Amino acid sequence: MKFSIITTTYKRPIELLRAINSVLLQDYKHWEMIIVNDSPDFDYSSIEKSDILKDERIKYFKNGENKGLNYARNIALVNISADSNYTIILDDDDYFNTECLSEATKIIKENPNYNWYVSNRTYENGDKITINGTNRNTIDYIIDYLIFKRFRGDATHIISTKYKSIRFPKKVKQEEQWMYFAQIQEKFYYYNFNSTISKSYSDLGLTKAHKSIKTKLDYTFESYKELFSLNFFNPLIWFIYLPLKMVAII
């Protein structure tokens, strides 16, 4: 079983190095790491001139100009190896528990009838970011996560590469990432394991809290347009989630 770990980075070489080292230290060794640097004018020489990128399992790409998180993740998806089985997203300011991949392997073998597995992200003090309020292992992303918020918070997503043709939003640079997960249209299996560790959330993060109402509405309308262009239809998304999203913005 092979895992493809996708990491995009923007002006955080120190944090990226920590993320890379957490992958190198995994007690399960059958993986590849695809790194896309979206900050071409920022100094990453501490990584680019080191021996760390000589590991043949690590692929490193650098955008010629800043394109945004979604674009960078899509570049990584295009470069997943043909023999990969699962994709995991690891943000550059997060890092893996040493047993992340070995625990995932065990869970997948014990529960083979899923294409999507989710485990916890925590802070360094052990506090969970991922909250499962359903008391279930089988979770519906659209109903439980998007609409009713019974499952909430950032999590560690392990997704079958049968879905590697799905892309993150192309018309919004940094946000609306729910569109990627919603397109899978499958229930995921949740297991209570602290796979990914976050030191904290940066003030430079992607939160919408500081966006204007116009910007938020623009993002939502772009979501409508892009979903329409993809011929993606789920009545829960079109007639419940997106209208609720607009009402919440207004």
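Quick notes on this structure:
- Taken across region 153-163, residues that are modelled with pLDDT of 95 or more, open to solvent by 30 Å² or more (accessible area, probe 1.4 Å) and in a strand (DSSP E or B) do not occur at all.
- Lone unmet requirement of (1) closer than 24 Å to Ser198 by Cα; (2) crowded, with 16+ Cβ neighbours inside 10 Å; (3) of a type outside the set (Ser, Thr, Tyr); (4) touching an Asp or Glu at 6+ places or on another chain (Cβ under 7 Å) for Asn63: (1)
- Among the residues of region 190-198, not a single one is surrounded by fewer than 18 Cβ atoms within 10 Å (Cβ to Cβ), touching a Leu at 6+ places or on another chain (Cβ under 6 Å) and in contact (Cβ under 8 Å) with a residue 60 or more places away in the chain.
- Selected residue (criterion: nearest to Leu101 (Cα to Cα)) from residues of region 14-30 that are open to solvent by less than 20 Å² (accessible area, probe 1.4 Å) and either among the aliphatic types (A, V, I, L, M) or part of a helix (DSSP H, G or I) (or both): Val23
- Within region 66-91, tally of residues that are more than 19 Å from Glu15 (Cα to Cα) and out of contact with any Pro (no Cβ under 6 Å at 6 or more places or on another chain): 15
Condition check ((1) of a type outside the set (Phe, Trp, Tyr); (2) in a loop (DSSP other than H, G, I, E, B); (3) closer than 25 Å to Ser4 by Cα) across all residues:
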residue	(1), (2), (3)
Ser165	yes, yes, yes
Tyr190	no, no, yes
Leu227	yes, no, no
Tyr241	no, no, no
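The values are calculated or read from the model by the stated rules, or taken from the named source; none is laboratory data. None of the values given here were measured: they were computed from a predicted structure. Positions of Cβ are generated from backbone atoms using ideal geometry, with glycine treated the same way; all protein chains shown enter the neighbour counts. These area figures cover heavy atoms from the full protein model, side chains too; ligands, DNA and RNA do not enter into them. Shrake-Rupley method; radii C 1.70, N 1.55, O 1.52, S 1.80 Å.
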